[in-house]
Structure formats: C-alpha cells, structure tokens
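Some notes on the structure that comes next.
The values are calculated or read from the model by the stated rules, or taken from the named source; none is laboratory data. Computed from a predicted structure; not experimentally measured. Please note: Cβ atoms are built from the backbone with ideal geometry, for glycine as well, and neighbour counts cover all protein chains shown. Protein only, heavy atoms only, side chains kept; ligands, DNA and RNA dropped before computing areas. Shrake-Rupley method; radii C 1.70, N 1.55, O 1.52, S 1.80 Å.
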Amino acid sequence: LLTQQLGDMQGAVQNFSAERGRQVTDLTLVRAVNLMGSIENNELFQSDYSFTSETWDIRLMPQMDFNQLAANSLQLGDEEIGFYTSEEKAAPETLTIWGQTYAVKVIDDIPESLKNYQSLYETNIIVMPTVQAIDRLNSLTKEDDFPLNYNASLAFNLNEASEAEDKQYSQELHAFLDSYQADYDFYYQARSDQHEEWYIMNGGLLFLGIFLGGLFLIGTILITYFKQISEGMADRERIQIMQKVGLSRDMTKKATNAQVLWLFFLPIMVAVIHTLFAFP
C-alpha cells in the first residue's frame, strides 16, 4: 500500500510542478523501516525503545532504494542481505530475521545522507533484496511487538527560479500536501526553508556563545587586574625594605613585571595545551 501511494505521490508532485512551470529532475525515492533490536546468536530480536548497550537502531532498506544513493551498486540474491554497522562489532555471516535466514554481505561504507549524526545510537543498516521482503517481515510481526515504523523520503531538484517563486511554490505545495488524501502523512521542506531554520538556530547559539565568552573574558580581566592590585599593595612594604638594602628600581620593576606576566599568561598557556589534546 505504501509503495503504491508513494508512486501516486511522485506522479502528483510532477503534475503539480508542471502546472506551475517547474521541472522536476533527479527524483529519488528512499523507503525504510526503522526498528529497535538486538542481534544475539546471529538472530535479530525486536525490542522496545529503551536504550541499553546492547540495543541497535536498525534501518531496513530495499536494495533498489539503497542503490539510488550508493556509488557502488549492491547485488543481492533472494536469500541475501546487505549489512552495514558503524559499531566495532563484527557482522554475522548469517542473520535470521523473523524466522527467515539470510546470508550476509558486509557493506564497508554508505552514503553520507544515510549516516545518522543526530542519534544516540550507531548507524546500522540492513539492505533487503526487495520491498516485498520487507513487507513479508512486517506481516510476520507479532501482536505484542512494536509496529514497524515505515517511512520514506522523496527528494528532487527543480529548475532555477527566483527566491519569490521558490517561496510561493513551497507554500502552495504545503497546502497541496495538507489536502492530499492518503493513508500516510506527507510533509515537504524546501532547501531554503531548512537553510533558514539552521541559520536562525545556529545564529542564536553563535550570538549567545560570543556574548557569554565576552562576558566571561571581561570578568577574568577584572579579577586578574584587582588581584594584581591587591598583591601589589601586599608586596609594597617588602619591596620598600629590599630597596633600602640596595635593590635597584629597575630590578624591582623587572621582577614585578615578570610576576604579572606569569600570573596572566600561565592560565592561557595551560588552556591552549588542554585544547590541543582535547581537540581531536
């Protein structure tokens, strides 16, 4: 059902764009099923959404959709699956999923668009030979299991237009999708919308970081300055005594400057050393 409705959606988007003089190119459909599970004795077990050290965040993808994104096409037989994990655990030679046993082909690398940089979990992808194989697993899900979360993304490019035309197209497509009759929810986000959201969020964080950094820097300078004043007043009598017994004024000034420089620059040097080791 999802595959059929996604096909209808592709046609609807192309027709919608053509009516507004926009040409759709580089259209890519990526379908996936997300589940939480663990792999024990070469068998995949579904689990709830609680996080443990043994829990895997797994994405099931059909081979057709994976090959649209990957530079090297994956060729799987009916009884084979592709397996990728960013964890250090070794991939099993065979994997049993819901009673179906598959031979495992290890995938060394995946496209950047499939890597999950915002999750607490590592990226784990299982590429199934066909969409029907994923649907068969979904039909084997038990009543007390968590339902498999099926989602899809439809990405495409448009011919160049002005910023105003892009915004108008985005608004009209949002309204079109809100009124589109389907069993699934569809959502559209333009690159310009995403760019604006990230710019606002990161711009706010950048301003806050600069403001707090400047505030702490002023506080540090004031604390250091008044510490120097207080220590200078405390050392005044001792310096006067040393001058009376023969210490020259130039020597006194040189020793005082050295003390000020060490007190001011030593914390900065330590911070730089810590940063150099922590930065990697």
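If R0 is taken as 22 Å, the Cβ-Cβ distance between Val131 and Asp185 corresponds to a FRET efficiency of 0.65. Computed from Cα atoms, the angle from the helix 249-278 axis to the main principal axis of the chain rounds to 10 degrees.
Counting only pairs 8 or more residues apart or on different chains, how many lysine pairs in the chain have their Cα atoms under 27 Å apart? Could the numbers behind the result be given before it?
On the way: Lys89/Lys105; Lys89/Lys115; Lys105/Lys115; Lys227/Lys244; Lys227/Lys253; Lys227/Lys254; Lys244/Lys253; Lys244/Lys254.
Lysine pairs, 8 or more places apart or on different chains, close enough: 8.
Near the amide H of Lys105, within less than 5 Å, lie the amide hydrogens of Ile81, Gly82, Phe83, all on another chain or at least 5 residues away, with H placed in the peptide plane.
With each run of n ≥ 4 DSSP H residues scored as -39500 (n - 2.57), what mean residue ellipticity at 222 nm is computed for the chain after dividing by its residue count and rounding to the nearest 500 deg cm²/dmol?
Working: 6 runs with 135 residues, N = 280.
Result for the chain: -17000 deg cm²/dmol, rounded to the nearest 500.
Considering only the chain, what is the antiparallel percent among its DSSP beta bridges, to the nearest 5? Of all bridge pairs located within the chain, approximately 70 percent are antiparallel.
Full extension of the segment from Glu19 to Thr275, taken as 0.36 nm per residue of separation minus the current Cα-Cα distance, would add 86.6 nm. Modelled label positions at Gln4 and Ala71, each set 7 Å beyond Cα in the direction of Cβ, lie 4.0 nm from each other. Only protein atoms count toward the accessible area here, which uses a 1.4 Å probe; on the chain, the carbon and sulfur part of that area reaches 57 percent. Peptides 122-130, 105-113 ranked from most to least packed by the mean count of surrounding Cβ atoms within 10 Å: 122-130, 105-113. Only one of the listed values, (i) 21.4, 64; (ii) 31.2, 99; (iii) 21.7, 74, was derived from the coordinates as Rg and Dmax of the Cα atoms in Å; which label is it? Comparing each candidate, only (ii) matches the computed number.
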